[in-house]
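Worksheet: one structure, shown below.
The values are calculated or read from the model by the stated rules, or taken from the named source; none is laboratory data. No experiment lies behind these values; they were computed from the predicted model shown. Note: ideal-geometry Cβ built from the backbone for every residue, glycine included; neighbour counts use all protein chains shown. Surface accessibility is based on the protein's heavy atoms, side chains included, excluding ligands, DNA and RNA. Shrake-Rupley method; radii C 1.70, N 1.55, O 1.52, S 1.80 Å.
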Amino acid sequence: MKEHALFLQAGFPAGETGYSNKAGRYREEFEKILWRTVRLADGMVGKDVLCSGEVFTEFTVMAEQQTTRLTKVPIDFRITQAEERLRAGCGEHMDHEMANRMDCQIRRLNQCVLQLLNGLIMFKKQILREVTSCRLYTANYPLLIEHIIREAELYRRIITMLEEGNCISQENIAETEMFRNQIMMEHALFIRRLLDPTECELIETADTFAGDYGRLLEEARQQDCRAMNALTRKALKTTERYRDFKAAGAKGITGCDIRSVILLLLADRVLREANHYLRILKQEGV
């Protein structure tokens, strides 16, 4: 959510100070909440998460530093450095009193996130309405704004489920895959339109991935649950290749070897999201 606010802030023209400043305030508040989350997470996060590349990659700190230099939007890259130092664990060494104290801290954190998140979702929807009615300009595509609205609404549903004591693993696997395949497809659509027109090979590859995920979505709509294992295996293989493409892209963009208007942190972010989806797919035992 911190990065969503940053992308919004960086996309407004210099004269649009009202929207830009509001996006900046959300970025600052989510940055504070992220600091709190990282501190609570030490020794409480699964090793598979920390090793997945979804929290940080080898490019993240560089991408944050370069994005700050180019956009003049401040990013506290010390948070990423703190994430790199996180220790895995499940709080197994805590006694009952410590566990209760941690539970209270997490509940307070979740309530702060929900309150802030509700406001950010409303702000994004306001931006989308203004942009699509030609009353506001931003360098961000309307589809990208819709994209980050859906991600924020998913995040809100997950936190609400946690607060209500429901198990996240009970989510419908087919729905989760369809959501993530849609996200991956849209990443490819954004990438191909943000690359310089001379990057013909990369544009063609991004276009191919958009088509691959589009076909996965169409197959999922037509198949019954008995065919989902085969689709999950297809999604895993496609996402492994897509992750490699995104990793090469993040390396090329942060190294200034690829011509594009892709914000450097966005290139790293879509790589982290692919890594996140891969972990989900592998957990399903395909």
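If you go through segment 143-181 and keep only what is touching a residue at least 12 places away in the same chain (Cβ under 8 Å) and farther than 24 Å from ARG215 by Cβ, you end up with ILE145, ILE148, ILE149, ALA152, GLU153, TYR155, ARG156, ILE159, THR160, LEU162, GLU163. The single condition among (1) of a type in the set (Asp, Glu); (2) within 18 Å of the chain's Cα centre (by Cα); (3) under 16 Å from ILE159 (Cα atoms) that GLU58 does not satisfy is (3). For segment 20-44, a residue qualifies if it is over 15 Å from ARG269 (Cβ atoms) and buried (at least 21 other Cβ atoms within 10 Å of the Cβ), and the qualifying residues are ALA23, TYR26. In the set (1) β-branched (Val, Ile, Thr); (2) crowded, with 19+ Cβ neighbours inside 10 Å; (3) in a loop (DSSP other than H, G, I, E, B), ILE191 fails one condition alone, (3).
Taking the criterion of being closer than 18 Å to ARG279 by Cβ and touching a Ser or Thr at 6+ places or on another chain (Cβ under 9 Å), the only residue of segment 183-212 that qualifies is MET184. Going by the conditions given, is GLY53 small (Gly, Ala, Ser), closer than 24 Å to GLU153 by Cα and in contact (Cβ under 8 Å) with a residue 40 or more places away in the chain? It is true that GLY53 is small (Gly, Ala, Ser), closer than 24 Å to GLU153 by Cα and in contact (Cβ under 8 Å) with a residue 40 or more places away in the chain. Can you find a residue in segment 103-114 that is under 18 Å from the mean Cα position of the chain (by Cα), closer than 22 Å to ASN21 by Cβ and either open to solvent by 50 Å² or more (accessible area, probe 1.4 Å) or of a type in the set (Gly, Ala, Ser) (or both)? The answer is no; no qualifying residue exists.
Would you be able to say whether some residue in segment 27-35 is at pLDDT 95 or above, basic (Lys, Arg), in contact with a helix residue (DSSP H, G or I) (Cβ under 7 Å, 6 or more places away or on another chain) and more than 26 Å from ILE127 (Cβ to Cβ)?
Taking segment 27-35 as the starting set, the residues that turn out to be at pLDDT 95 or above are 27-35.
With basic (Lys, Arg) added as a condition, the list becomes 27, 32.
Remaining after also requiring in contact with a helix residue (DSSP H, G or I) (Cβ under 7 Å, 6 or more places away or on another chain): 27.
From what is left, the residues that are more than 26 Å from ILE127 (Cβ to Cβ) are none.
No; the residues of segment 27-35 include none that is at pLDDT 95 or above, basic (Lys, Arg), in contact with a helix residue (DSSP H, G or I) (Cβ under 7 Å, 6 or more places away or on another chain) and more than 26 Å from ILE127 (Cβ to Cβ).
Scanning segment 254-278 for residues being open to solvent by 30 Å² or more (accessible area, probe 1.4 Å), more than 21 Å from HIS147 (Cα to Cα) and in contact with a helix residue (DSSP H, G or I) (Cβ under 7 Å, 6 or more places away or on another chain) gives a total of 1. Tell me, yes or no, whether segment 150-165 has at least one residue that is surrounded by fewer than 16 Cβ atoms within 10 Å (Cβ to Cβ), on the phi > 0 side of the Ramachandran plot and modelled with pLDDT under 95. So far as segment 150-165 goes, yes, one or more of its residues are surrounded by fewer than 16 Cβ atoms within 10 Å (Cβ to Cβ), on the phi > 0 side of the Ramachandran plot and modelled with pLDDT under 95. Filtering segment 3-19 to residues that are in a helix (DSSP H, G or I) and buried (at least 19 other Cβ atoms within 10 Å of the Cβ) leaves GLU3, HIS4, ALA5, LEU6, PHE7, LEU8, GLN9, ALA10, GLY11, TYR19.
Taken over segment 83-94, the criterion of being open to solvent by 80 Å² or more (accessible area, probe 1.4 Å) and not hydrophobic (A, V, I, L, M, F, W, C) is satisfied by GLU84, ARG85, ARG87, GLU92, HIS93. Considering THR132, THR80, which residue is open to solvent by 70 Å² or more (accessible area, probe 1.4 Å) and among the β-branched types (Val, Ile, Thr)? Going through THR132, THR80 in turn, just one is open to solvent by 70 Å² or more (accessible area, probe 1.4 Å) and among the β-branched types (Val, Ile, Thr): THR132.
Quick check on my filter: what residues within segment 166-184 are surrounded by 19 or more Cβ atoms within 10 Å (Cβ to Cβ) and modelled with pLDDT of 95 or more? Full working, then the answer.
Let us first name the residues in segment 166-184 that are surrounded by 19 or more Cβ atoms within 10 Å (Cβ to Cβ), namely 177, 180-181, 183-184.
Result: ARG180, ASN181, ILE183, MET184.
Condition first: in a helix (DSSP H, G or I) and more than 17 Å from the chain's Cα centre (by Cα). Can you find one or more residues in segment 261-280 that meet it? The answer is no, given that none of the residues of segment 261-280 is in a helix (DSSP H, G or I) and more than 17 Å from the chain's Cα centre (by Cα).
For segment 49-77, what are the residues that are closer than 14 Å to ALA247 by Cβ, open to solvent by 40 Å² or more (accessible area, probe 1.4 Å) and of a type in the set (A, V, I, L, M)? Break it down stepwise before answering.
First pass over segment 49-77, keeping only residues closer than 14 Å to ALA247 by Cβ: 52-54, 56-60, 62-63.
Adding the requirement that they be open to solvent by 40 Å² or more (accessible area, probe 1.4 Å) leaves 56, 58, 62.
Within segment 49-77, just MET62 meets the criteria.
Regarding segment 230-253, can at least one residue be identified that is more than 17 Å from GLU151 (Cβ to Cβ), open to solvent by 30 Å² or more (accessible area, probe 1.4 Å) and not in a helix (DSSP H, G or I)? Within segment 230-253, none of the residues are more than 17 Å from GLU151 (Cβ to Cβ), open to solvent by 30 Å² or more (accessible area, probe 1.4 Å) and not in a helix (DSSP H, G or I).
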